[in-house]
1. Out of all the residues in region 252-262, is one or more in a loop (DSSP other than H, G, I, E, B) and of a type in the set (Val, Ile, Thr)?
2. Do you know which residues across region 259-272 are in contact with a Phe, Trp or Tyr (Cβ under 9 Å, 6 or more places away or on another chain) and either not basic (Lys, Arg) or not assigned by TED's automatic domain parsing to the domain that holds Arg125 (or both)?
3. Inside region 1-34, can you point out the residues that are within 14 Å of Phe57 (Cβ to Cβ) and in a helix (DSSP H, G or I)?
4. What are the pairs, 6+ residues apart or on separate chains, where a residue within region 62-82 that is within 13 Å of Val10 (Cα to Cα) has its Cβ under 6 Å from a residue that is assigned to a strand (DSSP E or B) and not acidic (Asp, Glu)?
5. Kindly indicate the residue of region 45-94 that is among the charged types (D, E, K, R) and assigned to a loop (DSSP other than H, G, I, E, B) and also farthest from Val148 (Cα to Cα) among those meeting that condition.
6. Can you give me the ranges of the helices (runs of 4 or more DSSP H) entirely in region 133-227 with at least 2 residues that are among the aliphatic types (A, V, I, L, M) and within 11 Å of the chain's Cα centre (by Cα)?
7. So in region 256-295, with the set limited to residues that are under 18 Å from Tyr116 (Cβ atoms) and acidic (Asp, Glu), which one is surrounded by the most Cβ atoms within 10 Å (Cβ to Cβ)?
Amino acid sequence: MKDKNKIYWVWLSLVCRPGSRTAVRILRRFEDPAELFKASAKEILDSGVLRESDPAFSDVLRHDLTEAEDVVGWCSENGVDIITPDSKNYPSNLYSLRDAPIVLYCVGEMPDFDKYCSIAMVGSRDMSDYGRVNSFRFGYGLAKAGAVVVSGLALGVDGMSMAAATAAGGVTVGVLGSGIDVVYPKEHRQLFKAVAKTGAVVTEYPPGSRPQRSTFPQRNRIISGLSQGTLVVEAAAESGSLITARHAIYQARDLFSVPGGVDRVNSAGTNHLIKEGAFAVTDPADIVERYEFIYPHTLDLSTMRRAFDGVDVVRSAEKCAAMFEVSSEGDRKNVYGKRSSLTPSDDSPIVMAGDAPYEPDPFGSEAGIGTKPEPLPAPKKKTKKEKKFPASPTEPKRVDFELLSETDVRVYNAMTPDTPVIPEELVLDGLRISDVMSSLTMLEITGAVEAGAGGYFMRCSADDIPFPEKGD
């Protein structure tokens, strides 16, 4: 029965696609995916969660569990856990997201995010020496303090941050923009194994999914959503890590940024975030001090400070990068092959490795450092009938196109799905900021956009709105 329930959850995630808000709306109307699977077309339409024109509507009515059964079977055979909103280890931080992942494929052990402070660390893939040293400094320090470090296992800052936290004996969670069996980038295969051994690697994409340009912005909302705060270590003005920063603001999470020289290209983005209100941090203690009273039993600032005694941060960062084979954009030499099926290749899938590819904490100076940390307490169990996605009074409404003007439609279509924007970014040719604000107000009233924290707005659908016909 347990596997059968997972099959229905996987089926819903496949029908609605990763990053969809439709699945959350469905779960506010139906008790669970099995109830939707058994519902008639009339019951689904009467519920208002789907329309006949929605692609998911026809997929639901096919009542085909074949692909979901294949995925669940593959995961069972390869040691991949399937975490769903009714699982005891589903991160409660994600319940508040309107596009919460319906399925998380997981290798390793998910920490209890209710008990531990978690900080996302992101930054440039083209990591400089400055970025490498600070990625090590903050990743190592946060882990020593007892925080969970969350990142994307990507080239550059992401990978360096996770390597430092793992070397410190800390718990890390890596979020992929591909299937759990597709190691991307391939240079970080050893890091992937190390993170899975001491923490968890997760993704919402089914096995066999290749990374796409759109999957990384989608996965960024999970990175920030899992965390109390997001730290941008190094970022150019157009860096993709700024998308994670926007998600953090929209989700009302704390945003931290490491300042850099005004003439450094890779610090243009982080310096801009500080000007816009992000917390400037120059030491991991700046972050820990903000949360130590919230997590008094799991955060320890004094231990973190002692861990740096006698440590040459620059040389340790170099050694850590070499140990975990952390690469930057400029180091890339591999050309990635294609994957299109669930059949494992010679170097996939990744399952729990029996041998650790590293020695924990080779950088510490005090006695006792280097021993494995005690396992995290098991997550608290949730009651069987607990409502995971309660009805929200601000749930997006169906858009009433007749209320929208041509200017409203222009503003809406200029927005990128799943990317929060501020009104100033929507000032188009011939429009003033007052026009944009007026249109955003009307769009919010009709349910076409949603207002988030920090003055950001996000459109509710991937589909553009057709321009109103003239002469009607």
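The values are calculated or read from the model by the stated rules, or taken from the named source; none is laboratory data. This is a predicted model, so every value here is computed, not measured. Ideal geometry is used to build each Cβ from the backbone, glycine not excepted, and the neighbour counts take in all protein chains shown.
1. Taking region 252-262 first, the residues in a loop (DSSP other than H, G, I, E, B) are 252-253, 258-262.
Filter once more, keeping what is of a type in the set (Val, Ile, Thr): 258, 262.
Yes, region 252-262 contains a residue that is in a loop (DSSP other than H, G, I, E, B) and of a type in the set (Val, Ile, Thr).
2. Of everything in region 259-272, those that are in contact with a Phe, Trp or Tyr (Cβ under 9 Å, 6 or more places away or on another chain) and either not basic (Lys, Arg) or not assigned by TED's automatic domain parsing to the domain that holds Arg125 (or both) turn out to be Gly260, Gly261, Asn266, Ser267.
3. Of everything in region 1-34, those that are within 14 Å of Phe57 (Cβ to Cβ) and in a helix (DSSP H, G or I) turn out to be Leu12, Val15, Cys16, Thr22, Ala23, Arg25, Ile26.
4. Listed by first residue and then by second, the contacts come to Cys75/Ile82; Asp81/Cys106.
5. Glu52
6. Because the criterion is at least 2 residues that are among the aliphatic types (A, V, I, L, M) and within 11 Å of the chain's Cα centre (by Cα), the helices (runs of 4 or more DSSP H) in region 133-227 that meet it are 215-225.
7. Glu292
Conditions tested, residue by residue: (1) under 20 Å from Ala164 (Cβ atoms); (2) acidic (Asp, Glu); (3) touching a strand residue (DSSP E or B) at 6+ places or on another chain (Cβ under 8 Å).
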position	(1), (2), (3)
Pro217	no, no, no
Leu226	yes, no, yes
Leu231	yes, no, yes
Ile243	no, no, no
Asp254	no, yes, yes
